[in-house]
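Here the structure is laid out as structure tokens; the discussion comes afterwards.
The values are calculated or read from the model by the stated rules, or taken from the named source; none is laboratory data. Predicted model only: the values in this text are computed from it and were never measured. Because the Cβ atoms are built from the backbone with ideal geometry, glycine has one as well, and the counts that use them run over all protein chains shown.
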Amino acid sequence: MQVSLDNIGKKFIGNQWIFRNLNFHIKPTDRVAFTGHNGSGKSTLVQIIAGSSLPSEGKVIYSNPIKEIKVEEAIPEISYAAPYIELIEEYTLKEFLKFHFQFKKLNRVSNLRELIEVMYLNGHENKLIKFFSSGMKQRLKLAITFYSKSELILLDEPTTNLDSTGTKWYIDQIKQISSEIPIIIASNQEFEYEFCNKVLNVSKD
């Protein structure tokens, strides 16, 4: 999937523009970092691309080499992880994974048991997610993003709540993703996006 930002702008109450006149093209083989100071709109821009927020002006264009893809067809092909995305904490790990993969196809592992091993969550299959540590929850969010069949991966501050072992796990996982799937990362931590070939600074100054 290719993504083009066409004159994207976003403002909130009080007509305060967060960003404006953003034009950027993301090819299928791109790894892109959105950077900028706190409050510059990195997370908001990721949400706009994910379809969970609308731009105040401009539009996001999704396409493949043949044609433009309708928004309603593109959004289901996007996988998205962020610290503020809530998990269904009343589910056990096993219940949550079964629920999630009713809507997404499993990718790069053959079954949920293998995925649980990848996350280093063996033995926690029947534990309610509300009893997981913040680091375990973040690994779960990242894993369902990395191992869902997708045409675009969006990550917002991906190592939030991860310790050094979890951070190494994140970096190892990123390296295994197909080079034909574009990745967009919103971050100011260079180690989270040092592999990216493009950087868009969202800050106005």
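Here's the yes/no breakdown for (1) farther than 22 Å from Asp156 by Cβ; (2) surrounded by 14 or more Cβ atoms within 10 Å (Cβ to Cβ):
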position	(1), (2)
Lys67	yes, no
Lys70	yes, no
Pro76	no, no
Ser79	no, yes
Pro83	no, yes
Phe96	no, yes
Leu106	yes, yes
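Which of the following residues is closer than 22 Å to Ile174 by Cβ, in contact with a strand residue (DSSP E or B) (Cβ under 8 Å, 6 or more places away or on another chain) and in a loop (DSSP other than H, G, I, E, B): Pro83, Pro55?
Pro83
Could you say whether any residue in segment 3-13 is loosely packed, with under 15 Cβ neighbours inside 10 Å, in a loop (DSSP other than H, G, I, E, B) and under 18 Å from the mean Cα position of the chain (by Cα)?
Looking through segment 3-13, none of the residues is loosely packed, with under 15 Cβ neighbours inside 10 Å, in a loop (DSSP other than H, G, I, E, B) and under 18 Å from the mean Cα position of the chain (by Cα).
Among the candidates Ile49, Ile75, Ile66, Ile85, single out the residue that is of a type in the set (Val, Ile, Thr) and free of Cβ contacts under 8 Å to residues at least 12 places away in the same chain.
Every option except Ile66 fails the conditions.
Considering only residues that are closer than 21 Å to Trp169 by Cα and in contact with a helix residue (DSSP H, G or I) (Cβ under 8 Å, 6 or more places away or on another chain), which ones fall in segment 95-107?
Leu97, Leu106
Just to verify a result, which residue in segment 109-144, among those that are in contact with a Pro (Cβ under 9 Å, 6 or more places away or on another chain) and either closer than 17 Å to Lys98 by Cβ or among the aliphatic types (A, V, I, L, M) (or both), is surrounded by the most Cβ atoms within 10 Å (Cβ to Cβ)?
Among those residues, the one meeting the criterion is Leu142.
What about Tyr193, is it among the aromatic types (Phe, Trp, Tyr), more than 20 Å from Arg20 (Cα to Cα) and in contact (Cβ under 8 Å) with a residue 60 or more places away in the chain?
Yes: the conditions hold for Tyr193.
For segment 1-52, name all the residues that are of a type in the set (Asp, Glu) and farther than 14 Å from Ile185 by Cα.
Asp6
Tell me, which residue of segment 54-66 that is modelled with pLDDT under 95 and not aliphatic (A, V, I, L, M) is farthest from Ile183 (Cα to Cα)?
For segment 54-66, the residue satisfying everything is Pro65.
What are the pairs with Cβ atoms under 6 angstrom where one residue, in segment 91-110, is in contact (Cβ under 8 Å) with a residue 12 or more places away in the chain and the other, located anywhere, is of a type in the set (Asp, Glu) and surrounded by fewer than 16 Cβ atoms within 10 Å (Cβ to Cβ)? Sequence gap at least six, or different chains.
Sorted first by the residue in segment 91-110, then by its partner, the pairs are Leu93/Glu125; Lys94/Glu125.
Across segment 25-40, which residue is farthest from the chain's Cα centre (by Cα) among those that are over 17 Å from Pro65 (Cα atoms) and part of a strand (DSSP E or B)?
Only one residue fits best here, namely Thr35.
Among (1) under 25 Å from Val71 (Cβ atoms); (2) in contact with a helix residue (DSSP H, G or I) (Cβ under 7 Å, 6 or more places away or on another chain); (3) not aromatic (Phe, Trp, Tyr), which single condition is Lys198 missing?
In the conditions (1) under 25 Å from Val71 (Cβ atoms); (2) in contact with a helix residue (DSSP H, G or I) (Cβ under 7 Å, 6 or more places away or on another chain); (3) not aromatic (Phe, Trp, Tyr), Lys198 misses (2) alone.
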